[in-house]
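Down below is the structure, laid out as structure tokens.
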Amino acid sequence: MNNTTDSFAALRIKDFRLYVGLRFFFSVANQMQIVVIGFYIYELTKSAFSLGMLGLCEAIPAIGIALYGGYIADKSEKRKMLFLIYSTVLLTSGVLFVVTLKSMNPYVPMHWIVPVIYAMTFCNGVARAFYAPAAFTVLAHSVPKELYANAGTWSSSSWQLASILGPAIGGLIYGFSEHLFPGISGITASFAVIMLLILISLVLISRLKPYPPMHELKENIWKSISAGLHFVFHNKIMLGAMSLDLFSVFFGGAVALLPVFADEVLKVGAEGLGLMRAMISIGAVLVMLVMSKYSPMGKPWRNLLVAVTGFGISIICFALSRNFYLSLVCLFMYGAFDSVSVLIRTTIMQLLVPSDMRGRVSSVNSMFINSSNEIGDFESGTLASLMGTIPAVIFGGCMTLLVAAVTFFKTKKIVPLSLQEINEGEERSEQ
């Protein structure tokens, strides 16, 4: 059988299956945590700005030490590194479990709970700075090069499936646990489940084979990091894809304000918030499954621009909706268009990055993309506190469309080209 036409080719490799499994359970836990903490913070503060601060607390360390995290990933054994990262997140979840359990005591002051949550979110941001480059390297090394696109599809699909289940499970536990287990708050019960899922991920990590560094990094840390930055900023297609995703995600941070929509606009509570978060990933995972058969890499730049445009339109439609079911449809489209962008960018990185630089290049990508989510959350929360929730989301959608339009007019020549044709053109221009 030709592996390049086998939709399940990557899943036939044991270590890739373990990678998908550990990432799946960890992502379910992470998505649960995002939903329940967001709703809990909003219940305590009734402030959109407080939701934005959550994103900022995670983004500061994730951006600040991302390049160092990439350097460590390239020179370290990846299985041990992932185990330490997941253990750190388990510890922060344990602290939040204890804190929320104590909050049920009427004699415990509530004003100290929010700062502790921010502090633990900051610690998670530190862990994430090391996680992204380590996980990206394991993914790339667990499958042969000809299966990168297939592996990227299944990896993204598992993450999106986790993003469907995590918010739904988190919202249901948060909303109903007090009725089922009197005396235990929804937030405390949620963290108990989160800790269990992270423990399962740790067991799966222990079954991975070791992933030592491909090459010894002999140069000092600054030269090593500079080499990664130089590679990214001199590869136009990679830099362009990262930049486009950065600005669209930064301005399109409607997800941070979903607790406000659930509580005040649509009035559907924590359960509705879980469904709204899940609907984004339902759209993403269905499109991912389609893309496992029909790759968007034939004309990647055209498809990326189409996806970002659809992403912006779906944000505006969601902001204007006052019907819960119509809002779910808009969020479905939001996730569907975002998944196309994610797959194109991830495949470009896997194909173009040398094996000994994957950690450092992934860390740059983390600074561009992953942390732009949290900075975008802060931007959305700040704008919402200044101009109102709905105008802030509409503004973000319009800015996303503007970014896509400007990019289209500046890159018209490469829109109809394949990835190979774009690379060949870049090589000729450098010669």
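Across the range 53-65, which residue is surrounded by the most Cβ atoms within 10 Å (Cβ to Cβ) among those that are among the small types (Gly, Ala, Ser) and within 15 Å of the chain's Cα centre (by Cα)?
Within the range 53-65, the match that is surrounded by the most Cβ atoms within 10 Å (Cβ to Cβ) is 62.
Among the residues of the range 203-236, which ones are at pLDDT 70 or above, of a type in the set (S, T, N, Q) and loosely packed, with under 14 Cβ neighbours inside 10 Å?
206
Would you check which residues across the range 378-410 are modelled with pLDDT under 80 and of a type in the set (Val, Ile, Thr) and list them?
382
Among the numbered conditions (1) surrounded by fewer than 13 Cβ atoms within 10 Å (Cβ to Cβ); (2) of a type outside the set (Lys, Arg); (3) at pLDDT 85 or above, tell me where residue 191 comes up short.
(1)
Go through the range 272-286 and give me each residue that's among the aliphatic types (A, V, I, L, M) and either outside any helix (DSSP H, G or I) or touching a helix residue (DSSP H, G or I) at 6+ places or on another chain (Cβ under 6 Å) (or both).
273, 276, 278, 279, 280, 282, 284, 285
Got a sec? Which of 239, 289, 331 is assigned to a helix (DSSP H, G or I) and surrounded by 19 or more Cβ atoms within 10 Å (Cβ to Cβ)?
331
Among what's in the range 270-315 and is charged (D, E, K, R) and modelled with pLDDT under 80, pick the residue that is nearest to residue 333 (Cα to Cα).
Filtering first and then ranking leaves 277.
What do you reckon, is residue 50 over 29 Å from residue 379 (Cβ atoms), part of a helix (DSSP H, G or I) and of a type in the set (S, T, N, Q)?
So residue 50 fails the test.
If residue 50 passes every condition in (1) under 30 Å from residue 212 (Cα atoms); (2) surrounded by fewer than 22 Cβ atoms within 10 Å (Cβ to Cβ) but one, which one does it miss?
Answer for residue 50: the failing condition is (1).
Restricting to the range 323-337, what's the tally of residues that are more than 9 Å from residue 276 (Cα to Cα) and of a type in the set (S, T, N, Q)?
1
So which residues in the range 298-328 are under 21 Å from residue 147 (Cβ atoms) and surrounded by fewer than 17 Cβ atoms within 10 Å (Cβ to Cβ), if there are any at all?
298
With the checklist (1) more than 21 Å from residue 279 (Cβ to Cβ); (2) surrounded by fewer than 23 Cβ atoms within 10 Å (Cβ to Cβ); (3) under 20 Å from the mean Cα position of the chain (by Cα) in hand, flag the one item residue 200 doesn't pass.
(3)
The values are calculated or read from the model by the stated rules, or taken from the named source; none is laboratory data. Quantities reported herein were computed from a predicted structural model and do not represent experimental measurements. Quick reminder, even Gly has a Cβ in these numbers, built from the backbone with ideal geometry, and neighbours come from all protein chains shown.
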